[in-house]
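Contents: one structure, followed by commentary.
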Amino acid sequence: MDKKITYTGALLGMIAIILGAFGAHALKKILTPDLLATFETGVRYQMYQAFFLLLLPSFTLLSQKAKSTIYYLIVIGVILFSGSIYGLATNYLTPFDFKTIGFVTPIGGLLIIIGWGILFFNYIKSKR
């Protein structure tokens, strides 16, 4: 599982860099400053989670079950949170109206928070 977590963290990081460059160069010319800032928020949070996943295998106090749970929460959370932000920021560039699925953004954020919470509570529990 640790290899899978590391590979996914590297992939999410690579995609975040690609999307960040795309936003800074291609989208800068077509998005308003507010929409570009929204897009960059998606990139930033995706990169935070990529770093988190790269570090997750090194957390020796976590069981494999906890790591696996955190992994799935973070990956699904990033897809919902950052993915929907990318869609919402570029909404008028596509025929699909991403506002209809905008409700998934906070769900993705909540999954990310729960993933971090599991890490926190496992470390609190291990100190006892």
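Along the charge dipole of the chain, which of L119, G108, L73 sits closest to the positive end, that is, farthest toward it, with unit charges on the beta carbon of Lys, Arg, Asp and Glu (+1, +1, -1, -1)?
About the Cα centre, the residue reaching furthest to the positive side is L119.
By how many degrees, 0 to 90 and rounded to 10, does the Cα axis of helix 104-126 deviate from the longest principal axis of the chain?
Approximately 20 degrees, to the nearest ten.
Once you charge only the Cβ atoms, +1 for Lys and Arg and -1 for Asp and Glu, what is the size of the charge dipole of segment 37-128 about its Cα centre, to the nearest 20 debye?
So the magnitude is around 540 debye.
Tell me which of L56, I15, A89 sits at the most positive position along the dipole axis of segment 2-126, charges placed on C-beta atoms (Lys, Arg +1; Asp, Glu -1).
L56
Compute the Kirkwood hydrodynamic radius of segment 2-126, taking the inverse of the mean of 1/r over all pairs of distinct Cα atoms, and give it in Å to one decimal.
Roughly 15.1 Å, rounded to one decimal.
Convert each backbone phi in segment 23-35 into a coupling constant with the Karplus relation 6.51 cos²θ - 1.76 cosθ + 1.60 (shift: θ = phi - 60°), then list the ³J(HN,Hα) values in order as whole Hz, x for Gly and Pro.
Karplus-based 3J(HN,Hα) across segment 23-35 equals x, 5, 9, 7, 6, 4, 7, 10, 9, 5, x, 5, 5 Hz.
Leaving out same-chain residues fewer than 8 places away, which lysines sit with a Cα under 24 Å from that of K125?
K125 reaches K65, K67.
No lab work stands behind these numbers, since they all come straight from the coordinates. All figures in this text were calculated on a predicted structure; none of them were measured in a lab. Cβ atoms come from the backbone with ideal geometry, glycine included; neighbour counts cover every protein chain shown.
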